[in-house]
Amino acid sequence: MKKVCLFLLAALLAASSGKAATLTENFATNPLQDGWQIFGDTNLFQWDSTNRNLDVTWDSSQCNSYFYHPLGTILAVDDNFSLEFDLQLSEADATGMLGFELALGLLNFSDATNSTFSRPLATTPNLFEFDYFPDVGYGPSITATLSDTNVSTTDTLDFYFAYDTLPLATGLTYHVILTHVAGETNISGQVLNDGQIYTSLPNSYPGPITDFRIDTVSVSSYSDAGDTYGDSIFAQGTVANLVVTLPPPPIQNLTGAFSNGVWQAQFGSQSNWLYTLERTCDLQCWTNISPATPGNATSLFLQDANPPADKAFYRVSASRP
């Protein structure tokens with residue numbers, strides 16, 4: 001008699017609701033013990049347990065460095081999502097012809113940690129972030145940046161900017177909200193101070209955004225290596241009360257059972273995702289037992305027509321095409 005263990009399906013079912021998800025960090029406890037990690041210069045990021053915030057140094061003389069947390073999903077142009085946080089600067093000095101930015105936002109971790117990734121050279125695919133450029137003689141800039149998958153050293157135009165030429169005063173706390181609406185090829189933002197709107201970023205540069213793939217939230221300190229205009233930044237401040245609002249998970253209401261002697265998994269799917277049924281007998285090595293199947297925004301069935309005679313564990317993986 002065939003026996004199929006349903007433990008993994010039940011565990012996944014508990015996390016698969018149809019509601020939007022949130023990633024929240026109030027820095028009440030050490031974020032490095034709650035899924036946050038550091039890539040690059042670890043000295044740029046320090047948790048302040050007393051004030052419950054993250055002390056950040058943005059220093060472009062150092063390598064690309066990130067205080068980051070995986071989102072647990074992959075965001076694309078057809079998703080609704082947003083990012084908000086509190087920012088207070090104690091120092092923000094830039095030099096050069098064009099200046100340089102401090103940043104906090106969403107990115108593609110594989111791209112951002114690639115040796116070719118360069119903010120000065122505009123080789124920065126898959127970004128959704130807040131940037132602040134201190135004044136270097138032409139006025140400051142508060143900016144919301146979106147870049148697509150096509151940005152490269154030979155294609156530096158696929159950026160969308162929403163911006164305002166206002167300063168961020170030191171010693172004041174600003175609440176930043178960045179929003180992406182599903183299907184839109186832009187980004188909108190608001191910056192509030194003391195509960196009042198400071199700017200809604202009324203100006204824009206409408207670069208030709210197509211699509212993007214984003215999987216990580218990050219406080220980002222970019223290197224100025226390769227900059228030909230003498231641009232740099234040194235800034236210090238704190239980040240607090242960070243929230244990322246995400247779309248519903250791509251797999252919802254997952255169940256599994258035999259139907260006419262064939263094992264199948266059933267779940268609510270989303271369009272623009274690919275789904276694969278995987279099987280293991282030892283919880284170590286997983287095998288794909290169904291082809292990658294496009295979601296249909298309704299119930300999807302994935303089958304194992306030849307399950308093993310003893311027992312097996314199943315899971316469904318979801319990926320962006």
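The values are calculated or read from the model by the stated rules, or taken from the named source; none is laboratory data. If you're wondering where the values come from, they're calculated on a predicted model, not measured in any experiment. Every residue, glycine among them, receives a Cβ derived from its backbone with ideal geometry; neighbour counts consider all protein chains shown.
List of remarks:
- Residue 138 passes every criterion in (1) modelled with pLDDT under 95; (2) more than 29 Å from residue 192 (Cβ to Cβ) apart from (2).
- Selection from the range 159-199 of residues that are small (Gly, Ala, Ser), on the phi < 0 side of the Ramachandran plot and under 22 Å from the mean Cα position of the chain (by Cα): 162, 182, 188, 189
- Within the range 277-321, tally of residues that are polar (S, T, N, Q) and part of a loop (DSSP other than H, G, I, E, B): 5
- Hey, residue 287 under 30 Å from the mean Cα position of the chain (by Cα) and in contact (Cβ under 8 Å) with a residue 40 or more places away in the chain or not: no
Let's see how each residue does on (1) surrounded by fewer than 17 Cβ atoms within 10 Å (Cβ to Cβ); (2) over 17 Å from residue 35 (Cβ atoms); (3) among the polar types (S, T, N, Q); (4) over 22 Å from the mean Cα position of the chain (by Cα):
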residue	(1), (2), (3), (4)
49	yes, yes, yes, yes
57	no, yes, yes, no
66	no, no, no, no
79	no, yes, no, no
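- The single residue among 170, 113, 179 that is farther than 25 Å from residue 59 by Cβ, assigned by TED's automatic domain parsing to the domain that holds residue 44 and in contact (Cβ under 8 Å) with a residue 60 or more places away in the chain turns out to be 179.
Condition check ((1) closer than 16 Å to residue 214 by Cα; (2) among the acidic types (Asp, Glu); (3) not in a strand (DSSP E or B)) across all residues:
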{"site": "145", "(1), (2), (3)": "yes, no, no"}
{"site": "150", "(1), (2), (3)": "yes, no, yes"}
{"site": "157", "(1), (2), (3)": "no, no, yes"}
{"site": "178", "(1), (2), (3)": "yes, no, no"}
{"site": "192", "(1), (2), (3)": "no, no, no"}
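- Taken together, 315, 279 contain a single residue that is farther than 30 Å from residue 83 by Cβ and of a type outside the set (Val, Ile, Thr), which is 279.
- Those residues of the range 254-291 which are modelled with pLDDT of 90 or more, under 16 Å from residue 311 (Cα atoms) and of a type in the set (Val, Ile, Thr), in sequence order: 280, 287, 289
- Every condition in (1) buried (at least 21 other Cβ atoms within 10 Å of the Cβ); (2) part of a loop (DSSP other than H, G, I, E, B); (3) out of contact with any Ser or Thr (no Cβ under 9 Å at 6 or more places or on another chain); (4) not aliphatic (A, V, I, L, M) is met by residue 137 except one, and the failing one is (1).
- Scanning the range 194-245 for residues that are modelled with pLDDT under 95 and in a strand (DSSP E or B), we see that the one that is farthest from residue 98 (Cα to Cα) is 206.
- Flag if residue 102 is touching a residue at least 40 places away in the same chain (Cβ under 8 Å) and aliphatic (A, V, I, L, M): yes
- Cβ-Cβ distances below 8 Å connect the following pairs, each with a first residue in the range 37-49 that is assigned by TED's automatic domain parsing to the domain that holds residue 239, a second residue that is buried (at least 17 other Cβ atoms within 10 Å of the Cβ) and of a type in the set (Asp, Glu), and a separation of six or more residues or different chains: 41/59; 44/59.
- Count of residues meeting criterion [loosely packed, with under 15 Cβ neighbours inside 10 Å and either assigned by TED's automatic domain parsing to the domain that holds residue 73 or in contact with a Gly (Cβ under 7 Å, 6 or more places away or on another chain) (or both)] in the range 243-258: 1
- Qualifying residue in the range 110-122 (condition: surrounded by fewer than 20 Cβ atoms within 10 Å (Cβ to Cβ) and more than 21 Å from residue 213 (Cβ to Cβ)): no
- Residue in the range 55-74 that is touching a helix residue (DSSP H, G or I) at 6+ places or on another chain (Cβ under 6 Å), part of a strand (DSSP E or B), under 26 Å from residue 167 (Cα atoms) and small (Gly, Ala, Ser) present: yes
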